[in-house]
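The values are calculated or read from the model by the stated rules, or taken from the named source; none is laboratory data. As the structure is a prediction and not an experimental result, all values here were calculated from the model. When we count neighbours, we look across all protein chains shown, and the Cβ atoms used for this are built from the backbone with ideal geometry, even at glycine. Side chains included, ligands, DNA and RNA excluded: accessible areas come from the protein's heavy atoms. Shrake-Rupley method; radii C 1.70, N 1.55, O 1.52, S 1.80 Å.
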Amino acid sequence: MVSWGAVSALTRAIPARIVAQAIDDGAADRTGSISGEESMPVTAQHPMSRVDTAWLRMDNEVNLMMIVGVWLLTPAISLDALRERILARLLPYERFRQLARIDASGANWVDDPAFDVASHVVVETIQRRRGQSERAALQQRCGELATTRLDPRKPLWQFHLVERCEGGSALIARIHHCIGDGVALVSVMASIADGGVVLPRALLRRAPPQQSQRDGWSAVVPKTLSGLARAALDRTGDGVGAALDLLVHPGRPLQASLGVARDSLQWLEDAAALALMGDDTPTRLKGKPIGRKLVAWGDPLSLDRVKAVSRGLACSINDLLLSCVSGAIGRWIRQQGDDPAGVEIRAMVPVNLRPPEQAWQLGNQFGLAPVLLPIGIENPVERVYALRSRMGQLKGGYQPLLAYGVLAVAGLLFKPGQDLLLGYFSRKATVVMSNLVGPCERIKLCGATLRQAMFWVPASGEVGVGLSILSYGGGVQFALITDAALCSDPQAIIDGFELEFEQLLWLSLMLPWGDGQAV
């Protein structure tokens, strides 16, 4: 995860001389207006990284690799104001002006000479059935858009503005995962908010070059591992980077130490665990999806209360939220007439691999960690501590790094090979989860207050459930997307999150109070 404070401070992390030079370069090198008032630049081609290529080719008939989000704004905003903001703040990021092109050697980013903001920022009209609430109609449309492919002849993103919705406006965003991961897109979305961070276009053009698509197995895998080694050394300073460096450069002299030996053993154990991981437990949520998506969200939980309960139970906020997720899913399964006692399901949780000061750089730099959710434990306190123990065991492991390497390798393969490799891992999980940290205070867009924000992560292969957790404006927001064949009423699970939290809240009130423990 990356905090909003880190995103807001990213310009301070960039050397001032680079920013100054970028501003000078931008003034001297006008490549043309996005709106078409000036001549368009000569079409250029940039190789796409292997990991981003894997995401581009991951779309299938039942799951599209789009990150879908909704902003609820009060008061309403106009289409003209939104387009003007997008032109000024979003389009300096080149990826939003580029086409994704696949060829025999891989994929490339190609400048779109016919870019038209009107094709990407559009008015959306919500059709309500008789008796259908405004919220239900908005959720239905979000689910429909989650299964509507983006036009491959244009840059792979689109914003849909519902001009009148719930006393204000609703903004539905669809961005293909090949453009960036959640951490990168949080940074990008920060730039379009009122008072948001705006980086000079020349600086954005100086982002580190992507791996060449012409690199083969012998080049991409060492590049990926050595890059992760450098990142691990930079961020942790422990033996993680040294162990990776030893694997990539076995001839390089290293200090013989028990720490490196332990890290190397952990690496091998995690690799074996990932390769030998069994298929996930069959439940109602694990089956054959049909490609029709349903989304749901509820009112946010108070972040102050969540923090207070986590302190009272001596667990992390993450442990507490995962317990609520597990309890809500177990509650829903019991409501369907099944007994989940003793059942665990596996969730794939993204783990950020980039330092905060690089959050503005688009692309995908995250791994995946498998987390077993104890949906069969009905006692909420027992469930919290079970998750605290499991999350503690994952710390210091290398499975996220290994998963990132698998994606890099998948980008080397032809699509049938990629589908076979990633399909193997999709059988191991029931849920894809994501947890992002937004701003502590409410922000504004075009003068309107963003009162509620949600997003949904895409699921790959035949995984049919995606769960997102977002902290924003003093609240914690849960959002769920399900395949209609597996769960026809995701709102029932969402409603269970609050019920599970209320149980933990009341239990924590029964504990002896110390300083700062009152809820």
For segment 51-139, what is the accessible area per residue in Å² when the probe is 1.4 Å?
40 Å²
Note, ³J(HN,Hα) from phi for segment 492-507, Karplus 6.51, -1.76, 1.60, rounded to Hz, x at Gly and Pro
5, 6, 4, 4, x, 4, 5, 4, 5, 5, 4, 4, 5, 4, 5, 5
Provide the solvent-accessible area of VAL351, counting protein heavy atoms only and rolling a 1.4 Å probe, rounded to the nearest 10 Å².
50 Å²
Would you mind checking which residues have amide H under 5 Å from ALA369's amide H? H placed 1.01 Å from N; only 5 or more apart, or other chain.
VAL349, VAL351
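Under the definition of Cα pairs under 8 Å and six or more residues apart, what whole-number percent is the relative contact order of segment 38-183?
So the answer I get is 38 percent.
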Please list, in order along segment 141-151, the HN-Hα scalar couplings obtained from phi with the Karplus expression 6.51 cos²θ - 1.76 cosθ + 1.60 (θ = phi - 60°), rounded to whole Hz, x for Gly and Pro.
5, 4, x, 5, 5, 5, 10, 9, 5, 6, 5
Above-threshold pairs, the threshold being 24 Å between Cα atoms, out of LYS154/LYS415; LYS154/LYS428; LYS286/LYS395; LYS293/LYS428; LYS307/LYS395
LYS154/LYS428; LYS286/LYS395
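Out of the trypsin sites (Lys or Arg not before Pro) in segment 435-508, which ones are loop residues according to DSSP with at most 16 other C-beta atoms within 10 Å?
ARG442
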Suppose all protein chains stay in the model; what accessible area per residue would a 1.4 Å probe give for segment 360-519, in Å²?
38 Å²
³J(HN,Hα) across segment 68-83 via Karplus (A = 6.51, B = -1.76, C = 1.60, θ = phi - 60°), whole Hz, x for Gly/Pro?
10, x, 9, 10, 9, 10, 9, x, 5, 10, 9, 4, 4, 5, 5, 4
State the extension gain, in nm to one decimal, for the chain segment bounded by ASP299 and THR148, taking 0.36 nm per residue of separation less the distance between their alpha-carbons.
51.7 nm
So if R0 is 51 Å, what FRET efficiency would ALA137 and SER105 give, r being the distance between their Cβ atoms, rounded to the nearest 0.05?
0.70
Two-site FRET efficiency, SER119 against LEU511, from Cβ-Cβ distance with R₀ of 41 Å, rounded to 0.05:
0.15
Of every hundred units of 1.4 Å-probe accessible area on segment 347-502, the number belonging to carbon and sulfur atoms, as a percent, is 58 percent
Roughly speaking, what % of Cα-Cα pairs in segment 48-129 are separated by over 23 Å, rounded to a whole number?
41 percent
Name the residues whose placed amide hydrogens come within less than 5 Å of the amide hydrogen of ALA107, ignoring near sequence neighbours (fewer than 5 apart) on the same chain.
MET48
